[in-house]
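The values are calculated or read from the model by the stated rules, or taken from the named source; none is laboratory data. Note that the coordinates shown come from a computational prediction; the quantities given were computed from them, not determined experimentally. Glycine also receives a Cβ, built like all others from the backbone with ideal geometry; neighbour counts cover every protein chain displayed.
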Amino acid sequence: MSFVFYLLAVLTVAGGLAAVLLKNTVHCALALTVAFAGLAFLYLNLDAQFAGFAQILVYIGAVAILVVFAILLTKGSETPKDGVFSKTWLAGLVVAAGVFAVLGWAVLQTAPMLPKATASPAVTVGQIGNALVDRYVLPLEIVAVLLTVALIGAVIVAMHEKEGSR
Amino acid sequence: MTPLAGFLLVAALLFAIGLAGALTRRNAILVLIGIELMLNAANLNLIAFWRYGPHPEMLTGMMFAIFSIAVAAAEAAVGLGLVISIHRHAHTTDLDQMNRMKG
């Protein structure tokens, strides 16, 4: 367990906590970006360079911008008078704490059996590209269709309906 | 503690934070942010198991995470489109006020 790992873990968890706790929605989106960046650096720390840079491109480059756009389009940056947490926040908190307790217990129980540190795998982007068009070509095509469908669907769902066209 | 256990604990903590956000916030966009955090925690698990698993050169966990990132991007686009549509219809993104199935 290196110092870098602890630093990145603290950064990621702090970003996640700020993203769900802050009152201003725009600040939440910015904190979410910090959490995404921390995760990308954790992937790089795990020798998964391709996944790390894909995380930066897709999440920081696209999803965070999309979230900010949605917040501004829905005037969500105004803090509501009656608080930012729902009426049933205590039940949600209890459920989340229970899930974390179970997951943490399971990890700590199996920790002695988990594999020790191994030599870092030498994986190049070329190998990933070859695997994508060789062994994983069917999932790749399905993802291509899914992204097209999601793009068209998102535009149709969010498209402005003219009055009386229904 | 092995490195893998550390990564798994961070992912579990991030998942719990995302779940708490999705269950306790009023704003629909913040609920989507919580769901994104949960998806990312799952991706961190996949990459950590790929790194410390027996056959990292097979790239299985890495591919799983990459496809998961692509699907999460599609999910975010559709989810935020739905939030914008609901806001246009009901003039609010407060989930506590959305208590009718019929518009």
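If we scan region A:48-65, do we find a residue that is free of Cβ contacts under 8 Å to residues at least 60 places away in the same chain, within 9 Å of chain B (Cβ to nearest Cβ) and hydroxyl-bearing (Ser, Thr, Tyr)? The answer is yes; a qualifying residue exists.
Do we have any residue at all in region A:17-25 that's surrounded by fewer than 19 Cβ atoms within 10 Å (Cβ to Cβ) and in contact with a Lys or Arg (Cβ under 8 Å, 6 or more places away or on another chain)? Within region A:17-25, none of the residues are surrounded by fewer than 19 Cβ atoms within 10 Å (Cβ to Cβ) and in contact with a Lys or Arg (Cβ under 8 Å, 6 or more places away or on another chain). Of everything in region B:51-63 that is over 22 Å from the mean Cα position of the chain (by Cα) and outside any loop (DSSP other than H, G, I, E, B), the residue that is surrounded by the fewest Cβ atoms within 10 Å (Cβ to Cβ) is B:57.
Name the pairs: first residue in region B:24-36 and at the interface with another protein chain (Cβ under 7 Å from one of its Cβ atoms) and without any contact (Cβ under 8 Å) to a residue 24 or more places away in the chain, second residue part of a helix (DSSP H, G or I) and among the hydroxyl-bearing types (Ser, Thr, Tyr), Cβ to Cβ under 7 Å, at least 6 apart or on different chains? Note: pairs meeting the criteria are B:30/A:25.
Filtering region B:37-50 to residues that are within 7 Å of chain A (Cβ to nearest Cβ) and surrounded by fewer than 24 Cβ atoms within 10 Å (Cβ to Cβ) leaves nothing.
Condition check: modelled with pLDDT of 90 or more and closer than 23 Å to residue A:17 by Cβ. Does residue B:13 satisfy that?
Values: modelled with pLDDT of 90 or more: yes; closer than 23 Å to residue A:17 by Cβ: yes.
It is true that residue B:13 is modelled with pLDDT of 90 or more and closer than 23 Å to residue A:17 by Cβ.
Would you check if there is a residue in region B:37-51 being touching a Ser or Thr at 6+ places or on another chain (Cβ under 9 Å), over 30 Å from residue A:127 (Cα atoms) and without any contact (Cβ under 8 Å) to a residue 40 or more places away in the chain? No - not one qualifying residue is present in region B:37-51.
Out of B:79, B:18, B:6, one residue alone is among the small types (Gly, Ala, Ser), in a helix (DSSP H, G or I), surrounded by fewer than 20 Cβ atoms within 10 Å (Cβ to Cβ) and modelled with pLDDT of 90 or more. It is B:6. Among the residues of region A:87-105, the ones that are surrounded by fewer than 18 Cβ atoms within 10 Å (Cβ to Cβ) and farther than 20 Å from residue B:9 by Cβ come to 6 in all. Just wondering, is there one or more residues in region A:73-81 that are modelled with pLDDT of 85 or more and in a helix (DSSP H, G or I)? Scanning region A:73-81 turns up at least one residue that is modelled with pLDDT of 85 or more and in a helix (DSSP H, G or I). For region A:84-92, check the following and say yes or no: at least one residue is under 24 Å from residue B:44 (Cβ atoms) and in a helix (DSSP H, G or I). Yes, that holds for at least one residue. In region A:85-116, of all residues being of a type in the set (Gly, Ala, Ser) and out of contact with any Ser or Thr (no Cβ under 7 Å at 6 or more places or on another chain), the one that is farthest from residue B:3 (Cα to Cα) corresponds to A:91. Scanning region B:82-103 for residues that are buried (at least 17 other Cβ atoms within 10 Å of the Cβ), outside any loop (DSSP other than H, G, I, E, B) and more than 7 Å from chain A (Cβ to nearest Cβ) gives a single hit, B:86. Among the residues of region A:61-73, those that are surrounded by 22 or more Cβ atoms within 10 Å (Cβ to Cβ) and of a type in the set (Val, Ile, Thr) comprise A:63, A:67, A:71. Determine, yes or no, whether residue A:5 is touching a Pro at 6+ places or on another chain (Cβ under 9 Å) and touching a residue at least 40 places away in the same chain (Cβ under 8 Å). Against the criterion (touching a Pro at 6+ places or on another chain (Cβ under 9 Å) and touching a residue at least 40 places away in the same chain (Cβ under 8 Å)), residue A:5 qualifies.
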